[in-house]
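I have placed the structure first, in the form of structure tokens, so that the comments after it can refer back to it.
Values in this text are rule-based calculations from the coordinates and carry no lab data. If you're wondering where the values come from, they're calculated on a predicted model, not measured in any experiment. Methodologically, a virtual Cβ is constructed for each residue, glycine included, from the backbone with ideal geometry; neighbour enumeration extends over all protein chains shown.
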Amino acid sequence: MVSQVNDFRSAAAGASHQQQVIARPAQKTAALPDNKQPDPLRLSQTLTPEHTRQHSLIQRAQHKVAASRVAETSLNDIGKNLAQLSKRVEFAMRAGSASPKIAGEIEQLASRMEQRLQQATYKEQPVLSRQLKPVFHGEPRTVFQIRGLDTKRSSPRDETLIFNLAKGGANAVPVKLGANTTPEQQAVQFRQALNEHGIGVALNKQRQLVFSANEADWQHLSQKMRVVGQGDRFPAGQPNRVKLETTETRFEPLTWQTDKEQLRQTLVKSQQMMKQIKASIQELKVHNQDVMQRIDTINQRNHYLNEQVQGSIENDLSRILPKGDSFSSAFQNLKAQANVHRQTVVSLLSQ
């Protein structure tokens, strides 16, 4: 993954910017002993703006934990199927080819993994990308480069590249590059031209242009994108098909082959994905540990838990997670790690 992932998210077209609403501070009231303090969730939800804000934070925190649990469970399921698939591929390689029975089992496992990835959602939002990485915010995006687009090679003259995205409407998207422009200047020009079409633009560590698009746009662009140049980076004349290359391996088990010549490649891909699953599960654990380390800076006022919200999330997860695996069990694990109260964990996760 390139280091400018945040640039991709901020560069995505159509990104909405929610207005910040500053609530009026609640009027001060006489202090009451701790055992006499009223429970705001038993009163009107509009008692004070602060109580409403806390309730919203609690809801978001619960959704974060639930989405993380779905991602981890899905990764474990896919990993188990990958292990079985690898064993069958290794057996076929030792035999010299895949028998119809082994080929059928591999195809069945691939279909099962694809289905599991498609089901890895919470509140109708994907929690895993095609790279089998956790999606913490927004929708998953694919990072790619355009073959032949070398930003470090300067051109002695002005140049205009016209990209045809074949997405309907304004298909022709011109990108004007000045003579001897730096990679950073080229990135600005591409960003201004492509942002409104949902394509993010950034530079990687090698100062080469990298792009990003959501899954639906990626599938379309990888098949349809064409470009007209001026004979320098790309040929002039008719639009030419451009080759897009992903910067990371994508998990697409339905495309894996069991022919004798392809068995080794299928094995390599499955092993790559198993390594990525381990890394992603570790990333989820580190993410939670990082949150737990902020205990000392937690806002102690957030100690109210809306049981109705928790019940709703429990019902959602009961339809997704295996029996006995729930939002409550995820909470218990977090509590055990930090030895804190449940309400403290909730507000900690909401920071």
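Taking a threshold of 22 Å on the Cα-Cα distance, which of the pairs Lys133/Lys243; Lys133/Lys275; Lys133/Lys269 fall above it? From the list (Lys133/Lys243; Lys133/Lys275; Lys133/Lys269), the Cα-Cα distance tops 22 Å for Lys133/Lys243.
Our coupling estimate for region 125-133, obtained by passing each phi through the Karplus curve with A = 6.51, B = -1.76, C = 1.60 and θ = phi - 60°, is 10, x, 10, 9, 8, 5, 8, 6, 10 Hz, Gly and Pro reported as x.
The magnitude of the dipole of region 220-282, with charges of +1 and -1 set on the Cβ of Lys/Arg and Asp/Glu and taken from the Cα centre, is near 40 debye.
I'm checking a number: the convex hull volume of the Cα atoms of region 74-121, normalised per residue, in Å³. What is it?
Working: hull volume 2.3 nm³, N = 48.
Hull volume over Cα atoms, normalised by residue count, gives 47 Å³.
Over region 181-278, what portion of Cα pair distances is larger than 16 Å, expressed as a whole percent? Cα-Cα pairs in region 181-278 separated by more than 16 Å: 70 percent. When Rg and the Kirkwood radius Rh are both evaluated on Cα atoms of region 64-210, their ratio Rg/Rh stands at 1.14. Converting the Cα gyration tensor eigenvalues of region 144-226 into ellipsoid dimensions via √(5λ) gives semi-axes, longest first, of 21, 15, 11 Å. Hull volume per residue, based on the alpha-carbon atoms of region 92-158 and their convex hull, is 208 Å³.
Find the centroid of the Cα atoms in region 235-278 and in region 137-157, then give the distance between the two in whole Å. When both Cα centres are located, 19 Å separates them.
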